[in-house]
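Just below is one structure, and these are the notes that go with it.
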Amino acid sequence: MSAPTADVSVRMAWADDASAMADIQVRAWRGRYAKVLPPDVLDGLDPRVFAEQWNMALSRTKDARQRVLVALAGNGVKGFAVTGPSGDPDSDPVADAEISEFVIDPDAISNGHGSRLLQACVDTMRQDRFSRGTVWLNATDDSVRTFLVAAGWSTDGAHRELDLDGDGTVRVRQIRLHTDITADE
């Protein structure tokens, strides 16, 4: 008799996933940015607005290499990621891809969804003929950095500071990590 296997997977996102993605994103951002953004900004994050934006984004893609992936447990969305060409000014538009969003449901962390989703991101970027993957993360996000470093990513020395309000009152410092995604021969 064989042991049961978990019903987990990663697939391309559908417009029907927009509400679940928005709910996960709002809950994850409230935790991830709790020490960065003012409480009123975090409290004002509206999953319905995020769902509308995801629905529109999933209905129309700007670039054929722009992908949205969802991690699933059964039919339930447990995380999502967005990959595509890097928009960094020092990037090679042919070789460099970026994970511009990587979010795991706070209630599903450490269940393997992040690892499956990250591997699917790398596989997708590789299929799109990129050779290097990059990702920006908050400089203080030690848990995500530890996860990525354990998966073979490393800092490349690039950093930036985002001015979220445009007036200098809310700034987020970020670092960039990268990895070689060429297939092992």
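Derivation of every value follows stated rules applied to the coordinates shown; laboratory data play no part. Predicted model, so just to flag it, every value in this text is computed and none were measured. All Cβ positions, glycine included, derive from the backbone under ideal geometry; neighbour counts span all protein chains shown.
Per-residue Karplus couplings for region 92-103, computed as 6.51 cos²θ - 1.76 cosθ + 1.60 with θ equal to phi - 60°, are listed in order as 9, x, 8, 9, 9, 10, 9, 8, 8, 8, 9, 9 Hz, Gly and Pro entered as x. Think of each Lys and Arg Cβ as +1 and each Asp and Glu Cβ as -1; about the Cα centre, that makes the dipole of region 56-108 roughly 380 debye. In terms of Cα atoms, the Rg and Dmax of region 81-183 work out to 14.0, 44 Å. Near the amide H of residue 181, within less than 5 Å, lie the amide hydrogens of 132, 133, all on another chain or at least 5 residues away, with H placed in the peptide plane.
Tell me, 29, 14, 54 in order of fewest to most beta-carbon neighbours within 10 Å? Let's see the in-between values first.
Values: 29 18, 14 12, 54 23.
Least to most surrounded, the residues fall as 14, 29, 54.
Two decimals is fine: what's Rg over Rh for region 1-105, C-alpha atoms, Kirkwood radius as Rh?
Numbers: Rg = 15.9 Å, Rh = 15.3 Å.
Radius of gyration relative to Kirkwood radius: 1.04.
Once the chain from residue 12 to residue 75 is taken as fully extended at 0.36 nm per residue, the excess over their C-alpha distance is 21.4 nm. The residues 159, 113, when put in order of fewest to most other Cβ atoms within 10 Å, stand as 159, 113. Among 62, 78, 35, the residue with the largest mean-square fluctuation in a Gaussian network model of the chain, with springs joining Cα atoms closer than 10 Å, is 62. Computed over the chain with a Gaussian network model linking Cα atoms closer than 10 Å, the most mobile of 60, 145, 30 is 60.
To make sure I understand, if each residue's beta carbon is the centre and we count other beta carbons within 10 Å, what order do 125, 12 fall in, fewest to most? Spell out each step's value before the answer.
Details: 125 26, 12 12.
With the sparsest Cβ surroundings first, the list reads 12, 125.
Each 5 Å bin from zero holds the following percent of Cα-Cα pairs in the chain: 1, 8, 15, 19, 21, 19, 11, 4, 1, 1, 0, 0, 0.
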